[in-house]
1. When you go through 83, 87, 34, 70 one by one, which is the residue that is free of Cβ contacts under 8 Å to residues at least 12 places away in the same chain, closer than 23 Å to residue 124 by Cβ and touching a helix residue (DSSP H, G or I) at 6+ places or on another chain (Cβ under 8 Å)?
2. What's the number of the condition residue 7 fails, among (1) closer than 16 Å to residue 148 by Cβ; (2) surrounded by 15 or more Cβ atoms within 10 Å (Cβ to Cβ); (3) modelled with pLDDT of 95 or more; (4) more than 12 Å from the chain's Cα centre (by Cα)?
3. Taking the stated definitions as given, is residue 20 surrounded by 15 or more Cβ atoms within 10 Å (Cβ to Cβ), more than 18 Å from the chain's Cα centre (by Cα) and at pLDDT 95 or above?
4. What about residue 110, is it exposed (fewer than 12 other Cβ atoms within 10 Å of the Cβ), assigned to a helix (DSSP H, G or I), at pLDDT 95 or above and at negative phi?
5. Which of the residues spanning segment 125-139 are without any contact (Cβ under 8 Å) to a residue 24 or more places away in the chain and surrounded by 11 or more Cβ atoms within 10 Å (Cβ to Cβ)?
6. If you check every pair at least six apart or on different chains, which have Cβ atoms under 8 Å apart with a residue in segment 1-16 that is over 12 Å from residue 56 (Cβ atoms) first and a residue that is outside any loop (DSSP other than H, G, I, E, B) and modelled with pLDDT under 95 second?
7. Kindly provide the set of residues from segment 52-67 that are surrounded by fewer than 19 Cβ atoms within 10 Å (Cβ to Cβ) and without any contact (Cβ under 8 Å) to a residue 60 or more places away in the chain, ordered by number.
8. For residue 49, work out the one condition from (1) modelled with pLDDT of 95 or more; (2) surrounded by fewer than 12 Cβ atoms within 10 Å (Cβ to Cβ) it doesn't fulfil.
């Protein structure tokens, strides 16, 4: 479970599962009738794929030699927070990239205010609209992946 190709494959698989979760949610909500579907799926894939190695490293450092229940709980919390956090970060970067054309030059005080306000706005928008794309499919996937990861850490 520790080899680089294995971890890369797990990262890609976790990213693909997050895309599946978002697609299923969008399909159930409105039959995939949405703008920028490919870009949205790329953000969800990137969030999952980039979160996986960080989560695995943290889980190993924190709970590797603990009981299975403790490892499962830690993996569940770390995977959920890590995946949501990384996806929100990618969403905020995309959001910032779009609004940067109307911002002041880099490094000015006004630019800093605009950067902070844009980032907070993106985080709020993702929390309100983006996190719902992890439900209802993402929760059982998260539980299964957490259990698998907890058992694999022995």
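1. 34
2. (3)
3. Working: surrounded by 15 or more Cβ atoms within 10 Å (Cβ to Cβ): yes; more than 18 Å from the chain's Cα centre (by Cα): no; at pLDDT 95 or above: yes.
Judged against the criteria, residue 20 is not a match.
4. So residue 110 passes the test.
5. Our first condition is that a residue be without any contact (Cβ under 8 Å) to a residue 24 or more places away in the chain; within segment 125-139, this holds for 128-129, 139.
Of everything in segment 125-139, just one residue is without any contact (Cβ under 8 Å) to a residue 24 or more places away in the chain and surrounded by 11 or more Cβ atoms within 10 Å (Cβ to Cβ), namely 139.
6. Pairs found: none.
7. Listed by number, the residues that qualify are 53, 54, 57, 58, 61, 62, 65, 66, 67.
8. Checking residue 49 against (1) modelled with pLDDT of 95 or more; (2) surrounded by fewer than 12 Cβ atoms within 10 Å (Cβ to Cβ), the one that fails is (2).
The values are calculated or read from the model by the stated rules, or taken from the named source; none is laboratory data. Note that the structure is predicted; figures quoted are calculated from it, not measured. Glycine also receives a Cβ, built like all others from the backbone with ideal geometry; neighbour counts cover every protein chain displayed.
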